[in-house]
Amino acid sequence: MSSDRCDEVVAEYLRELEQRLGGLPVLQRRELLGDLEAHIVNERAERGVTSETELLVVLERLGSPEVVAAAAYEEAGLPKPAVELAGARRGTVTAAASARFTGRAERTAALDSAEVFASAGPTPQPYAPPPVSTPVVPPPDDLFRARRGPFPPGGGHLFPSGPGGRPWSDAGPPPFVGGPPFAPPPPRREPSSRAWVRAAVGAAIGFAVLVLFGCLAGAFLVQGSSVEEPPTAVSVEVPEPADPPVPPVRPVRPTE
Amino acid sequence: MADVAQLSTSLRRGTLEFCVLAMVEHEDRYGTEIVRRFGDERGLAASEGTIYPLLSRLRRIGWLDSKWSESPSGPPRRYYALTDDGRSALEHFRTEWVSFRQTVDRLVGTGGA
């Protein structure tokens, strides 16, 4: 029983610490959490900690999550996010109370899903839910804290407004969906403006083709008429010398 | 006015990391071992948990190397070792520290005698 209770206390400690480390790069965060977890396990084993009271002494020597997190930010050269623990964090703590160490994933994942994927750590499953929680992000009026998953997309619209003079800067988030409307306008204008050119070119090509066909047809007619004449002449000649072996003789000469 | 805690923090900053380097200068030590040692040093007044971020930074800048090793009793341990760069940094600090300490002692009147 006491062992379970101790596990709970440790999980709670690590969970709160992780919540405070949201502003750290994922690898540093994982490393620190892993180090502290190993430290606690070591201490419990080597000091024979069995009661919650003894465990609290170990955790006290370790330092409060706030103190450890502050040191982590300082060593990482990053500003400590003052708002880190606000709102959502608390809720997650109670919700994931039974999830022990892996429970942290859910909240973190929602905050920075990109990092979560990069970590590909031992807790990939809990990360699945993040996508689902992303819709919650739309209302980013929460705070401008650390980084919300949506920032990548949202942040994008800040820059695009300048270049290309794209209209989405006015409407903010919704305009994004309106991205498609953009595509249509250009195509319509282009086709209409180029229609005349295309029609003219088509007509010219058609005319040229007709002329060509006309010329070819004329040439064929001329050749055809000249060809027809010989046959008549031949037919006339052939009947006359048909009896003598003139035709057969001619072909025979070349073969011999 | 800066309180005592603030003074301690200020003094610790910039020197604690070299104490860590010196601790693994001749022998590899695992995290908990290093951390306990600092926890026992009253003068440093550092929470044990604050040493781990420091170890992490020293490893990232290449002054320490670490590797996990099985423990005869209990979970695997992460052992830290001094790298060549870390050794150079430690030597440089020792030289600077002696000079710095002598200057401060002279100016503050803590030179003894």
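The values are calculated or read from the model by the stated rules, or taken from the named source; none is laboratory data. Note that this is a predicted model, so its numbers are computed, not measured. Here Cβ is always computed from backbone atoms with ideal geometry, including for glycine, and neighbour counts include all displayed protein chains. Please note that ligands, DNA and RNA were not included when accessible areas were found on the heavy atoms of the full protein model with its side chains. Shrake-Rupley method; radii C 1.70, N 1.55, O 1.52, S 1.80 Å.
With a 1.4 Å probe on protein heavy atoms only, work out how much accessible surface B and A bury together, total over both chains, in Å² to the nearest 100.
Approximately 2000 Å², summed over both chains.
7 Å from Cα along Cα→Cβ at both B:SER88 and A:ALA199: what's the point-to-point distance in nm?
If labels sit at B:SER88 and A:ALA199, their model points lie 7.8 nm apart.
Would you compute, from DSSP H runs of 4+ residues alone, the mean residue ellipticity of chain B at 222 nm, taking -39500 (n - 2.57) per run and dividing by the full residue count, rounded to the nearest 500?
-17000 deg cm²/dmol
Compute the accessible area of each residue in region A:35-82 twice, once for its chain alone and once with every protein chain present, using a 1.4 Å probe on heavy atoms, and list those whose area falls by at least 40 Å².
By number: A:ASP35, A:HIS39, A:ASN42, A:GLU46, A:ARG61, A:GLU74, A:GLU75.
Put a dot 7 Å past each Cα toward the Cβ at A:VAL57 and B:ARG106; how far apart are the dots in nm?
Result: 4.8 nm between the two label points.
Kindly list the residues of region B:33-60 that lie in the label zone of B:LEU11, defined by a backbone N under 18 Å from the point 7 Å along the Cα-to-C-beta vector.
Within reach of a label on B:LEU11, which here means backbone N under 18 Å from a point 7 Å along Cα→Cβ, region B:33-60 contributes B:38-47.
Given a 1.4 angstrom probe, I'd like the percentage of the accessible area of region B:4-108 that is carbon and sulfur, rounded to a whole number.
52 percent
Do any residues of region B:44-70 show a loss of at least 10 square angstrom of accessible area between the isolated chain and the full protein assembly, using a 1.4 Å probe, and if so which?
Checking the loss per residue gives B:SER47, B:GLU48, B:GLY49, B:THR50, B:TYR52, B:PRO53, B:LEU54, B:SER56, B:ARG57, B:ARG59, B:ARG60, B:TRP68.
Return the FRET efficiency for the residue pair A:ARG5, A:VAL67: r is the Cβ-Cβ distance, R0 is 25 Å, and the value is rounded to the nearest 0.05.
Taking R0 as 25 Å, the efficiency between A:ARG5 and A:VAL67 is 0.55.
For region A:8-33, which residues drop by 50 square angstrom or more in accessible area between the chain on its own and all protein chains together (1.4 Å probe)?
Residues of region A:8-33 that lose at least 50 Å² of accessible area once the other chains are added: A:GLU31.
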